[in-house]
Amino acid sequence: MSKTAIQGVTSTDKAAIRNAATIIALRDRMGDNPKVLMGQRGAKAAFMPNKFVFPGGAVDLGDASVPLAQPLPEICRSRLADQASPGLEHALAIAAIRELWEETGLILGYPGNWQADISADWQGFAATGHLPSAQALQFVFRALTPPGRPRRFDARFFLVDADEIAGDLDDFSQASDELSHLQWIPLSKVRSFDLPFITEVVLAEVTGRLKDLTPPLSVPYFCNNDEESLFLRLKGRPMPTAD
């Protein structure tokens with residue numbers, strides 16, 4: 001059983017809340033027919049079977065040690081640090097980039113050669129001649145899965161313009177089989193698909209920000225804890241500076 005880091009603690013409990021990262025990739029954002037990248041989860045999936053979702057998944061223990069060619073924007077790091085374990089923002093950014101690559105075969109990176117040892121999870125990515133880059137990611141939403149679900153995630157949603165993705169946006173040949181029917185869905189039609197409730201909430205937030213290219217000053221946090229459901233705003237906290 002694989003171990004999972006949650007709130008600074010290592011756990012092997014499947015019922016534990018897992019930190020997760022999700023990518024909302026927007027294509028033709030400033031045009032008349034913007035589209036979002038989504039795929040369908042399998043019918044036998046334990047979490048959200050058959051639903052159309054954004055690429056994403058849980059943070060792995062190894063994500064914290066993968067270097068970034070370009071860091072997250074400072075404002076996004078600050079918002080991610082709010083009500084979270086210290087240093088988690090780097091692992092979340094890496095997880096978002098890794099999940100995009102694994103589930104779609106698309107590359108969010110900067111041209112370059114790896115100087116460190118390459119884990120199995122990153123060998124295919126490294127072979128494309130890119131290093132992971134978080135510069136284009138914008139942290140726009142956070143949601144905690146309600147109690148009673150078979151899996152619970154503390155998910156951070158990152159918005160990225162498709163223009164920042166390297167390569168052919170319609171080439172999903174390197175994707176794993178975790179998501180089927182990968183496609184760029186027009187925002188005008190996306191609600192006709194079978195979507196999870198939280199995905200509809202996030203889409204509403206993103207649609208309201210289509211023409212705003214700057215990271216949000218505060219980030220919605222849909223917190224479903226054991227006592228109540230809260231809709232909070234993450235306003236960030238000061239980040240440590242290098243000596």
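So PRO49 ticks every box in (1) surrounded by fewer than 18 Cβ atoms within 10 Å (Cβ to Cβ); (2) more than 24 Å from LEU187 (Cα to Cα) but one. Which box is left unticked?
It fails just one condition, (2).
Here's a check for you: in the range 211-243, which residue that is among the hydroxyl-bearing types (Ser, Thr, Tyr) and over 19 Å from the mean Cα position of the chain (by Cα) is modelled with the highest pLDDT?
Filtering the range 211-243 for residues that are among the hydroxyl-bearing types (Ser, Thr, Tyr) and over 19 Å from the mean Cα position of the chain (by Cα), the one modelled with the highest pLDDT comes out as SER229.
Considering only the range 129-143, state which residues are in a strand (DSSP E or B) and in contact with a Leu (Cβ under 9 Å, 6 or more places away or on another chain). Write out each step before concluding.
Quick first cut of the range 129-143, residues in a strand (DSSP E or B) only: 130-133, 138-143.
Within the range 129-143, HIS130, LEU131, PRO132, SER133, GLN138, PHE139, VAL140, PHE141, ARG142 qualify.
Among the residues of the range 100-120, which ones are surrounded by 23 or more Cβ atoms within 10 Å (Cβ to Cβ) and either in a helix (DSSP H, G or I) or modelled with pLDDT under 95 (or both)?
Hits for the range 100-120 are LEU100, TRP101, GLU103, THR104.
Quick one: what pairs do we get from the range 226-238, first residue under 16 Å from VAL202 (Cα atoms), second among the β-branched types (Val, Ile, Thr) and in a strand (DSSP E or B), C-beta under 6 Å, 6+ apart or different chains?
As it stands, the answer is LEU234/VAL219, since those pairs meet every condition given.
From the list ALA93, ALA64, ALA126, ALA84, which residue is outside any loop (DSSP other than H, G, I, E, B), out of contact with any strand residue (DSSP E or B) (no Cβ under 7 Å at 6 or more places or on another chain) and within 27 Å of PHE197 (Cβ to Cβ)? Step through it out loud before you land on a result.
Details: ALA64 fails: within 27 Å of PHE197 (Cβ to Cβ); ALA126 fails: within 27 Å of PHE197 (Cβ to Cβ); ALA84 fails: outside any loop (DSSP other than H, G, I, E, B).
Checking each option against the conditions leaves just ALA93.
Small (Gly, Ala, Ser), within 23 Å of GLY105 (Cβ to Cβ) and crowded, with 16+ Cβ neighbours inside 10 Å, is that true of ALA175?
Judged against the criteria, ALA175 is a match.
Filter the range 143-161 down to residues that are at negative phi and surrounded by fewer than 18 Cβ atoms within 10 Å (Cβ to Cβ), then give me how many there are.
Result for the range 143-161: 6.
Go through (1) touching a residue at least 40 places away in the same chain (Cβ under 8 Å); (2) of a type in the set (Asp, Glu); (3) assigned to a helix (DSSP H, G or I); (4) within 28 Å of ARG237 (Cβ to Cβ) and name the single condition ASP154 misses.
Of the numbered conditions (1) touching a residue at least 40 places away in the same chain (Cβ under 8 Å); (2) of a type in the set (Asp, Glu); (3) assigned to a helix (DSSP H, G or I); (4) within 28 Å of ARG237 (Cβ to Cβ), the odd one out for ASP154 is (3).
The values are calculated or read from the model by the stated rules, or taken from the named source; none is laboratory data. These figures come from a predicted structure and were not determined experimentally. Glycine gets a Cβ as well: all are built from the backbone with ideal geometry, and neighbour counts include every protein chain shown.
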